[in-house]
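Participant: The structure follows.
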Amino acid sequence: MSQSPLNDQPAMQGNGFYNKNSELQEAGIDLFIPIWKDLVETINFSANNATIADYASSQGKNSLSPINIAISSIISRNPKQTSISVIHTDLPSNDFSSLFETIEKNNNSYLKNHCRIFPFAVGRSYFDQILPPNSVDIGWNSWSLQWLSASPKNIDDHIFIDCTESAYLKNSYSHQLATDWSLFLGCRSKELKLSGKLMTIFIASRNLTSGWGPFWNEFWLTLLDLRSANLLSDTELALISLPIGVRSVDDIKKPFDKNNIFSNLKLERLDIIDAPDPFWDEYQLTRDPKTYGLRWANMAKAVAGPMISKALSNTQNTQCTLNEIFSRFSDRLSSHPFKVNHSLACVVVEKINHDHD
């Protein structure tokens, strides 16, 4: 089986940094928890072993709530449940030490209130099949599918695809997003049991733009300032590019065009909603621009820091550190706070029997 290039890419910022700076992701997840609660109630779990898959778990903090909900649903309907397996998956470079610590020590851990729960972890890209066929009752995934399995090419005139002037690059990224979406769904179809379901949440767009352009443009301007100060070279600037893309409603629906089914997966639900900006909301109360800038910069560092570190490590004699980049980014954001208007998609699929034409 081929290994996705994503296996060689860095995961989120380690040493628990992502857990500490993922309030944005948590706020988005909270909006969809009612859908998740309803979803788990529709699953007919085995009386012996039930399996919950947590795809792209990162360091685990934002997975605790949905997993607790699923476990409580299973046990309430079958108090004599023999065992429940929880399988966390992420890239090999993921901070699994922080994940294990979260599972063991966090006050909200699903191990605190339940017995007969068995956690596992897998360090592989979910663009491959990574779990046994027909083994998963219910799958959870959030805030990861905007990351491409492979970057078609670095973005020469920006770091974010929405902001480039290159139609060729935009088309390349769109093609990669489509390929990745179909590949992800196909692999999950193999792993889900019949009537098993998957819920995934990821960055999406209602219109032609994602809403993230203004935010990442501020980061691009920060990098240009560093280049002007001779702290970044042209080569280094060219290497910093986010392998992220944003799907539209049509992009999400496209694999399901025929009979609303793709690879034995039925598209059960698709919602796109306006996502929260908790840092802007906090700023409205505190009027503290420095905290606003720091929170947003730390979020960006948590998700993009390892990628930038890797890009800079491929050059010689760099004069710019990761801390310097994000410190300046924080200062820039603090100088003119604004609300980041963005959207999230929530997709629910169910594995069914389907005879292909």
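The values are calculated or read from the model by the stated rules, or taken from the named source; none is laboratory data. The model shown is predicted, which means the values in this text are computed figures rather than measured ones. Quick reminder, even Gly has a Cβ in these numbers, built from the backbone with ideal geometry, and neighbours come from all protein chains shown.
Participant: Within region 97-136, track down each residue that is surrounded by fewer than 21 Cβ atoms within 10 Å (Cβ to Cβ) and assigned to a helix (DSSP H, G or I).
Facilitator: If the condition is that a residue be surrounded by fewer than 21 Cβ atoms within 10 Å (Cβ to Cβ) and assigned to a helix (DSSP H, G or I), then SER97, PHE100, GLU101, GLU104, LYS105 are the ones that fit.
Participant: Among what's in region 75-92 and is at pLDDT below 90 and either within 17 Å of the chain's Cα centre (by Cα) or exposed (fewer than 14 other Cβ atoms within 10 Å of the Cβ) (or both), pick the residue that is nearest to ILE52 (Cα to Cα).
Facilitator: THR82
Participant: Given region 208-306, what helices (runs of 4 or more DSSP H) lie entirely inside it while holding 1 or more residues that are within 30 Å of VAL349 (Cα to Cα) and out of contact with any Cys (no Cβ under 8 Å at 6 or more places or on another chain)?
Facilitator: It comes to 249-253, 278-286.
Participant: Looking only at region 189-200, decide whether some residue is modelled with pLDDT of 95 or more, of a type in the set (Asp, Glu), surrounded by 19 or more Cβ atoms within 10 Å (Cβ to Cβ) and over 17 Å from the mean Cα position of the chain (by Cα). First the steps, then the outcome.
Facilitator: Let us first name the residues in region 189-200 that are modelled with pLDDT of 95 or more, namely 189-200.
Checking which are of a type in the set (Asp, Glu) leaves us with 191.
Subset that is surrounded by 19 or more Cβ atoms within 10 Å (Cβ to Cβ): 191.
From what's left, over 17 Å from the mean Cα position of the chain (by Cα): 191.
Yes, because at least one residue in region 189-200 is modelled with pLDDT of 95 or more, of a type in the set (Asp, Glu), surrounded by 19 or more Cβ atoms within 10 Å (Cβ to Cβ) and over 17 Å from the mean Cα position of the chain (by Cα).
Participant: Now, a different point. Looking at region 253-268, can you tell me whether even one residue there is at pLDDT below 95 and not polar (S, T, N, Q)?
Facilitator: Yes; the residues of region 253-268 include at least one that is at pLDDT below 95 and not polar (S, T, N, Q).
Participant: When region 57-113 is examined, which residues are found to be without any contact (Cβ under 8 Å) to a residue 12 or more places away in the chain and among the basic types (Lys, Arg)?
Facilitator: LYS105, LYS112, listed by residue number.
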